[in-house]
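Structure first, commentary second.
Where a number appears in this text, it was derived from the coordinates with a stated rule and is not lab data. In this text the structure is predicted, and so the values were computed from the model without any measurement. Note: ideal-geometry Cβ built from the backbone for every residue, glycine included; neighbour counts use all protein chains shown.
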Amino acid sequence: MRRTLPILALLFVALFGMPQLALSKEGATQCSSAGDLGGVREGCIKSGSETNGYISAHSDHTYSIRPACEIGGLALCAEPGRCSIDGHDGNLFNVYQDADPEPLDWQACLTDQEAEHLGGITPGVVQHAFEWLTWPVSPLVVQPPKGRTLVNFDTNFYTTNTSPTTQTVTLIGQPVTIEATPTQYRWHFGSGADDTDRITTDPGAAYPDLRVTYRYLHVGTVRPSLDTTYAGRYRVGTGPWRTIPDTLTVPGAPVDLQVVSATPHLVGY
Amino acid sequence: MAPRRTIAGLLAASVLVLTGCGGGSSVADPPVQSSPTSSPTSDPPAQETAEHFIRRWAEAEKQMENTGKTAAYLSMSRQCTSCRQLAADIRGFYAAGGFARWVGWRILTIKPAGSHGQDKVYDVTVDSGPTRYRESGTSPIKHLKGGPATHQLVLKPHDNSWLVVQKAQIAR
């Protein structure tokens, strides 16, 4: 009988394996995410009260929230995905600790009130929406027109994208107007050397007001382009405008330009 | 002879234990079909309730893990990212010579938790059995202890039945 117990124990281990602690990801202590194989792959969601409880228990850190598209997906959205928890419908948020750019490995399903309480619409939240939205690519106008210019000649460049563009999105259930204003232009003249790029706050102007020009020294095909840097601001509903912390640069599409030489011909009248 | 009898008895007992675990879910669950011996993986009724579907789907997940055959499970889990990832994991295990052995969920409760348009949300409280698995023929055998958990399933109506479109776990 004494020999039976070790055999039984060995058999148990052979059949069920050594009991051990399940894998756990930091921050997911309240989801038994590794209880089974399906759980390993599942996203974990917490209610507003669970989220508050977590934050209270980690008071030596600061937390912020940003809208998430879907449960388990860490991608962010201008408008959060819908979720339901504890009988309440809410919006889905990734939760960030301190300055860590990576969210925690669980998501919060928050009502509008809870989201507001946890920071609600913050500049960081809007910053992401600002980056996620599509803003205009500046059209690049080259003079002389028709894709041809002369070597050793002041070719004129300008853009008509000079005015603010606004878009309204819903963030945490509230309409947020985001305004993007072109504040800086980076002109790539396409001559093959980056050091010929020029950065201006000036959008240039049409001939004869030559404000952004470039003189190509060789004949051939070049592909100039124009990147636009936008500064953003936002407001919730009809509230006051607030500045979005970081600017956003939208790269421009290159245009084909032939640099040709001109041969003088005498003509008679 | 005595040790042989002991081992034989233990093996038989272990098989009984395994059999008991494997059948745990269907024994404890409320009856959802007229025949107590019919499997939840059998054809769904003409108009399948969400609860019946969830039990059938949970059985399909168990079968998938234990056989490596993912088609039936995936056909019930379209658009469910974590389900697709799980199926890919399982397919990978078996393709590499590994396996999984899981007794499945013992479903304790299925509660409606809301709706997003036509999609219905259900909180499913389960007691999951332990899992033993091997990622390849040469990797070590690993174990997951199982235990209680609340899962949230988002179901989309589909052809008199449902599809799982999202699966998550709720922190408790």
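Size descriptors for the range B:87-163, from the alpha-carbon set: Rg then Dmax equal 16.2, 47 Å. Let a ≥ b ≥ c be the square roots of the eigenvalues of the Cα gyration tensor of the range A:132-174; is it rounded (a/c under 1.5), or, if not, prolate (a/b larger than b/c) or oblate? Prolate shape, in that a/c is at least 1.5 and a/b is the bigger ratio. Close amide H pairs (under 5 Å, H built 1.01 Å from N) link A:Phe153 with A:Tyr216, residues at least 5 positions away or on another chain.
Take the Cα of B:Gln118, step 7 Å toward its Cβ, do the same at A:Arg211, and the gap between the two points is 5.4 nm. Mind giving me the FRET efficiency for A:Thr168 and A:Val137? R0 is 22 Å, r the Cβ-Cβ distance, nearest 0.05 is fine. The pair A:Thr168/A:Val137 has a calculated efficiency of 0.60.
Note on the range B:118-172 and the range A:129-156: Cα centroid distance 53 Å, given to the nearest whole angstrom. PRE reach from A:Thr247 (point 7 Å along Cα→Cβ): which of the range A:184-209 fall under 11 Å by backbone N? What the label zone holds, given the 11 Å backbone N cut-off, is A:184-186, A:199-202.
Placing pseudo-labels 7 Å out from each Cα toward the beta carbon at A:Leu150 and B:Thr67 gives an inter-label distance of 8.1 nm. The lysines whose alpha-carbon is closer than 17 Å to the alpha-carbon of B:Lys145, local same-chain residues fewer than 8 away aside, are A:Lys25, B:Lys62. The stretch between A:Thr181 and A:Ile55, if pulled fully straight at 0.36 nm per residue, gains 41.7 nm over its current Cα-Cα span. Under a 5 Å amide H cut-off, with hydrogens placed 1.01 Å from N, B:Gly147 pairs with B:Ser128, B:Gly129 among residues at least 5 apart or on other chains. Phi angles of the range A:48-60 translate, via the Karplus equation with coefficients 6.51, -1.76, 1.60 and θ = phi - 60°, into HN-Hα couplings of x, 5, 5, 5, 4, x, 5, 5, 4, 6, 10, 6, 7 Hz per residue; Gly and Pro are given as x. The simple spin-label model puts a point 7 Å past each Cα toward its Cβ; for A:Asp202 and A:Asp112 those points are separated by 4.8 nm.
So, counting K/R as plus one and D/E as minus one, what does the shell of residues with Cβ under 14 Å around A:Asp89 add up to? That sum, taken over residues with Cβ under 14 Å, equals -3.
Taking amide H as placed 1.01 Å from N in the peptide plane, the amide H of B:Gln166 sits under 5 Å from that of B:Val154, each at least 5 places away or on another chain.
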